[in-house]
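The values are calculated or read from the model by the stated rules, or taken from the named source; none is laboratory data. Computed from a prediction, not measured in an experiment: that's the story for all the values here. A quick note on method: Cβ atoms are made from the backbone with ideal geometry, for glycine too, and the neighbour counts reach across all protein chains shown.
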Amino acid sequence: MKFKFKYTNKIVGVFMLVALGLLIGSLILITIQQKVFVKKYVFKARFLDAEGLSTSTPIRFKGYEIGRITQFRLNEENTIDADFTVVEEYRTKIVENSGLNKAKNPISGTSTIELLQGPDPQKILPEGGLIPSIDIPEGRRLLDEGLVIKTGDVISSMLVNTDRLLENLNRDNNEKSGALFRALVNLADASEKLDKTMDQISVTFDKFNKDENPQDGAIFRALTNMADLTEQLQTTTALINKSLIKSDTLMSAYANPNGLVVKLADPKGENFIKPINETLKNLNYSLTEMGKLLVFLNEQQPELSGVISEGKQTLSTAQKTLEGINNNPLIRGGIQSEAEKEIQGSKLRPKHTK
Amino acid sequence: MPARIAESIGDNLLEKAAGTREFLQFFGEAIRQMFLFSRQSQVATLVLMRQILFTGFEALTLISLIAAAIGGIIIIEGHLMLGDFGSGQLLYVILVTVIVRELSSLLVAFIIIARSGTAISTELGNMVVNHEIEALQSIGISPISYLVVPRVFGVVAAMFTLTIYFTVAGLLGGWAVSYFFFPIGLEDFFFRLLNELAVVDIFSSFTKSIVFGFAVGTIACYQGMKVAFATTEVPQRTIKSVVQSLTWVIILDILITMVFYVL
Amino acid sequence: MSFDNSHLFLENITFSHNGRALIQDLTLNFEKGSFSVILGGSGSGKTILLKIIGGILFPDDGRIVLDEIDTENLTEAEEKQLRQKTSFVFQDGALLSNLTVRENLMLPLDFHFPGIPKSDKMEAISGYLNRYSLSDIMEKRPAELSQAQKKLSGFIRALLTRPEILLIDEPLASVDPTSSRLLIQELVKQKSQKTTIIVGAQSLDRFEKWCDRVLIFQNGKVLEEGSPEQVRKSENPLTKELLHID
C-alpha cells in the first residue's frame, strides 16, 4: 500500500493515459473503418416493404459491404423509398439495370441487402439513380429479362435436381389411379435419385472446400463458415439417405401378405388406412419442406447455415414419420391413394434457376 | 384517525422537502466549489489522485474480470439463443449493444457504488464523528472543496476510465469465447466489431459514465457528510447512499439512453 | 460596548441545538496576548464556545469581533486571513485519518501559504516534530499514533500557521507528564509572543501558574471570572469543586 501511495501520481497517470489512448485509438479506427470522412455517393432504392430495414442496413456486393441505407420512407404507391450511400471506392459497382435483393433474417428481424449488378459494368449509374428491389415489378423485370442473376450456379443445379425429384414424387395427381404402391415405387425411385443428388451435392461441396481460387464461388466465401456449412449439408445427406432406406423397408412391408387380413378387417379403411394416409401426407409434407428449404437456401445465402439447420429438423421429422409407418402394425395392409396432393413441384422451382 | 394519517403524510412530505432542499444546497455548493477547484488544487490534488487510485486503479482487476466474463457469457447465451441461424455478424451487434452501449457504464457504476460509494460515505461519516471535518473548517479549508469535490472528480475520472477498460475487456472476453464457435482472428474480430460500432455508441457510453460518476460521487459524499455525531449513523447513511445511488443511476441511464437513441 | 486593547470580542452570543440553549447571551472580551482558561465540567458548553470562536460553529445570535473586524459577512479572502490568525487544537488532535502526519501538517501550510516552497514548509514541520521528539512519526498515519502523539501533532498543526489566537480544548487530557510539560512550555512561549491563548479545561492544575484569567463556565454562562488568585477566593461551590478546594 505504501508503494502505491508513494507512486500514486505515476500509477494514476499511466492508468488514465492508457485508457485515453485506447479511447482515442478506437475512435480513429472507427473513423477509418467506417470511412466517415470518405466521400459517399447517394443512390435511391425501392423495396416492397420495410421489413427488417434500418438506417444502417448494409448494402453488400458479393458479400462485401459497399454501402449503407441512410433513410427510408413509405411512398404514395405503398412501397418503400430508401436512400443509400456507397463509398467512393465502390461507386463504380453501381451500374445501370442493377437490382437489390433484400433477405430477412427470420430470427433477428434484420435484413441484408445484396446488390445484383447489372449486365454492363461500363454503364455506371449516375448519382441519385434508382435501383429497384427484385421484389417489386421493376426489379422483377430485371430478373425476367435476365439483366440480373439472383443466385449462384451450384445451388441452382442442386435445386433443379431436387425439383425433379419432387416432380417425380408428385407426378401422380390422380386420386383414383394413384395407388399406394405406385406412390411407393415413386418414392423408391426418388430415393435413388435423391441419393444421386446428394452425392452430387457432396462432391460439389468437397470441391468448394478445396477451392482456393478467389474468382470462383464468391457467394460461398461470403458465408461466415464454409467448412461448417459443408459438414451440415453432408449430415443432411446422410439423414435423407436414412429416411429413404426406411422408405424401401416400408415398401417391402406392403408386399407382405398379412396385409390382406387387415384389409378384410377394415374394408372401408376407416380404422387403419386413414391414419396411415395421414402419415404419408406428413411424409410428403416433409419432402415438400425439404424442397422449400433448398429454394430458400438459394435465396438467402447469408442465412444459409441457419436454413440448413431448419432443414435438418424437417428431415428428422420425415425420418420419424417413416419410422412410425414401419413400426405401425396396421401397415400390413393396403392403403388407398393419397387423399390430397399438396405438393406442386413446379411451384417450388424458382423461375430464375438454370 | 384520518387526521393522524394526514398529519403523518404531511410530516413525511415536509421532511422529504427539507431533505431535498438540503441536498440541493449541498449540490449547489459542490458545483460552485468545482469551478474553484484550481484555486485549491495544491491541497486537493492529493485527495483527487488517491480517489482515482482507489476507485479506478484498484478496481481494475475486478472490473476486467467481470467484463471479460460477461463478454463471454453474452456470446455463449447469444450463441445458444441464435443457434446456427446465420448469427455471425449478429454477435457483433449484440456485443456492441450490450457491452458498449449499456453494460459497460452501468456495471462499472454498480461496482463503484458497491466498492467506492460505500467507502466514501463511511470515510466521510467517520471523519465527521472524529471531528476531522471540524479540523478542516478550523484551518479554513472548506470540507466541500477539499473532501467532496476531489472525491466527485476522482469518481468521475475513475468511472470514465474504468468504462473504457470494461469495454475493452468485455469485447476481448467476447472474442475469446466466440473463438470456440467461430474461429476468427483478433484483428478481424475487432475490424468487424468496428463496423458495427457507431461513434454515438461510444459517446453515449462515456456520457453515462461521467453522469453516473457525478451522481454516485455526490450522493456518497452527501450521505457521508450528513452523519451528525454518532458512529452508529455511519452504516445507516452508507446504506442510504447505496440505495439512492442505484436508483439515480438507473433513472439517469434511462434518460441518457432516451436522449441518445430515442429522441 | 467595546474594550480597549481588545483582540477578540464576543457580544451577546447565543447558541442552541435541538431546542436546547447551550450558550446564553454571552459577552466576553479577550485582550491581545492574554492567557485565559475556561473552566467547566462536562457539558458546560466550553467546547462549544471555543468552536464558535474558532468559526466551526455559528452562533444563532450575537457577533464576534476579531482584530476589530466583525466576522459576519466577510469576503472569502478576509475569512481566509482571519482563519489563519485563529488556530484550534482539538481534544483528540483530529488529524485527518487518511493522511500521514507529514501530510496533515502540510495541509494548513499549503492552504494558507501556497507560494512558499515545499522545502521551507518541510523544514518548519521537521523543526516542530524534532522539538517534541516526534520525527519518527512523520510518515505514520493517525491510527498508528498514541493519544499523546495525536494531540501533540494536532498542536503542531495549530502552531505552524503562526496564529494570533490559539484555542485549545482540554490540552492536558490523556497526555503523559512529559508531553504535558512540553505543551505548557510551548504555551508559555506563545504567550510571550503575544499570542492570545484560550484554553478549555476541566481542571486548572498546571495552567494556574501561567494564565491571566479564569472563567468558570456552567450551562453556557460565565458563572464567575477573574485572575487565578481571585477565583481561588470564591465561595461558589462549583468554583471550589473545579479548583479542587475542599
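Going residue by residue through region A:45-52, is there one that turns out to be within 14 Å of chain B (Cβ to nearest Cβ) and either more than 25 Å from residue B:201 (Cα to Cα) or among the polar types (S, T, N, Q) (or both)?
no
In region C:105-120, what residues are more than 9 Å from every other protein chain (Cβ to nearest Cβ) and under 12 Å from residue C:154 (Cβ atoms)?
Across region C:105-120, the qualifying residue is only C:105.
Could you tell me whether residue A:35 is of a type in the set (Lys, Arg), in a strand (DSSP E or B) and either on the phi < 0 side of the Ramachandran plot or surrounded by fewer than 18 Cβ atoms within 10 Å (Cβ to Cβ) (or both)?
Judged against the criteria, residue A:35 is not a match.
Only one of (1) surrounded by fewer than 17 Cβ atoms within 10 Å (Cβ to Cβ); (2) of a type outside the set (Gly, Ala, Ser); (3) within 14 Å of chain A (Cβ to nearest Cβ) fails for residue B:239. Which number is that?
(3)
Looking at region C:221-244, which of its residues are within 15 Å of residue C:24 (Cβ to Cβ) and free of Cβ contacts under 8 Å to residues at least 24 places away in the same chain?
Within region C:221-244, C:223 is the sole residue that qualifies.
Taking region B:138-147 as the region of interest, how many residues are at the interface with chain C (Cβ under 9 Å from one of its Cβ atoms) and outside any helix (DSSP H, G or I)?
Total satisfying the criteria: 2.
Can you tell me which condition residue C:83 does not meet? The list is (1) in a helix (DSSP H, G or I); (2) touching a strand residue (DSSP E or B) at 6+ places or on another chain (Cβ under 9 Å), and all the others hold.
Among (1) in a helix (DSSP H, G or I); (2) touching a strand residue (DSSP E or B) at 6+ places or on another chain (Cβ under 9 Å), residue C:83 violates only (2).
If only one of B:96, B:47 is buried (at least 17 other Cβ atoms within 10 Å of the Cβ), in contact with an Asp or Glu (Cβ under 7 Å, 6 or more places away or on another chain) and touching a residue at least 60 places away in the same chain (Cβ under 8 Å), which one is it?
B:96
Tell me which of these residue B:228 doesn't satisfy, since it passes every other one: (1) within 30 Å of residue A:36 (Cα to Cα); (2) more than 20 Å from the chain's Cα centre (by Cα).
(1)
Determine which member of the set A:86, A:12 is in the same structural domain as residue A:137 (by TED's automatic domain parsing) and surrounded by 15 or more Cβ atoms within 10 Å (Cβ to Cβ).
A:86
Just wondering, is there one or more residues in region B:26-45 that are modelled with pLDDT of 90 or more, assigned to a helix (DSSP H, G or I) and farther than 17 Å from residue B:143 by Cβ?
For region B:26-45, residues modelled with pLDDT of 90 or more, assigned to a helix (DSSP H, G or I) and farther than 17 Å from residue B:143 by Cβ: absent.
For region A:53-74, indicate whether the set of residues that are of a type in the set (A, V, I, L, M), surrounded by fewer than 15 Cβ atoms within 10 Å (Cβ to Cβ) and at the interface with chain B (Cβ under 10 Å from one of its Cβ atoms) is non-empty.
Scanning region A:53-74, I find no residue that is of a type in the set (A, V, I, L, M), surrounded by fewer than 15 Cβ atoms within 10 Å (Cβ to Cβ) and at the interface with chain B (Cβ under 10 Å from one of its Cβ atoms), so the answer is no.
How many residues does region A:1-44 hold that are closer than 24 Å to residue B:171 by Cα, at pLDDT below 80 and within 8 Å of another protein chain (Cβ to nearest Cβ)?
3
Scanning region B:183-217 for residues that are surrounded by fewer than 16 Cβ atoms within 10 Å (Cβ to Cβ) and of a type in the set (Phe, Trp, Tyr), which turns out nearest to residue B:103 (Cα to Cα)?
Here the answer is B:203.
Can you list the helices (runs of 4 or more DSSP H) found entirely within region B:148-235 that contain at least 1 residues being touching a Lys or Arg at 6+ places or on another chain (Cβ under 6 Å)?
B:199-225
Mind listing just one residue for me: the one in region B:101-137 that is in contact (Cβ under 8 Å) with a residue 60 or more places away in the chain and within 10 Å of another protein chain (Cβ to nearest Cβ) and, of those, farthest from residue B:59 (Cα to Cα)?
Among residues in region B:101-137 that are in contact (Cβ under 8 Å) with a residue 60 or more places away in the chain and within 10 Å of another protein chain (Cβ to nearest Cβ), the one farthest from residue B:59 (Cα to Cα) is B:133.
Considering only region B:38-47, how many residues are facing chain A (nearest Cβ under 9 Å) and closer than 21 Å to residue B:115 by Cβ?
Final tally of qualifying residues: 1.
Among (1) touching a strand residue (DSSP E or B) at 6+ places or on another chain (Cβ under 7 Å); (2) over 24 Å from residue C:22 (Cα atoms); (3) surrounded by fewer than 20 Cβ atoms within 10 Å (Cβ to Cβ); (4) not charged (D, E, K, R), there is one condition residue C:218 misses while meeting the rest; what is its number?
Going through (1) touching a strand residue (DSSP E or B) at 6+ places or on another chain (Cβ under 7 Å); (2) over 24 Å from residue C:22 (Cα atoms); (3) surrounded by fewer than 20 Cβ atoms within 10 Å (Cβ to Cβ); (4) not charged (D, E, K, R) one by one, residue C:218 breaks only (2).
For region C:223-238, does any single residue satisfy the condition of being buried (at least 21 other Cβ atoms within 10 Å of the Cβ), within 18 Å of residue C:41 (Cβ to Cβ) and touching a Leu at 6+ places or on another chain (Cβ under 8 Å)?
Yes; the residues of region C:223-238 include at least one that is buried (at least 21 other Cβ atoms within 10 Å of the Cβ), within 18 Å of residue C:41 (Cβ to Cβ) and touching a Leu at 6+ places or on another chain (Cβ under 8 Å).
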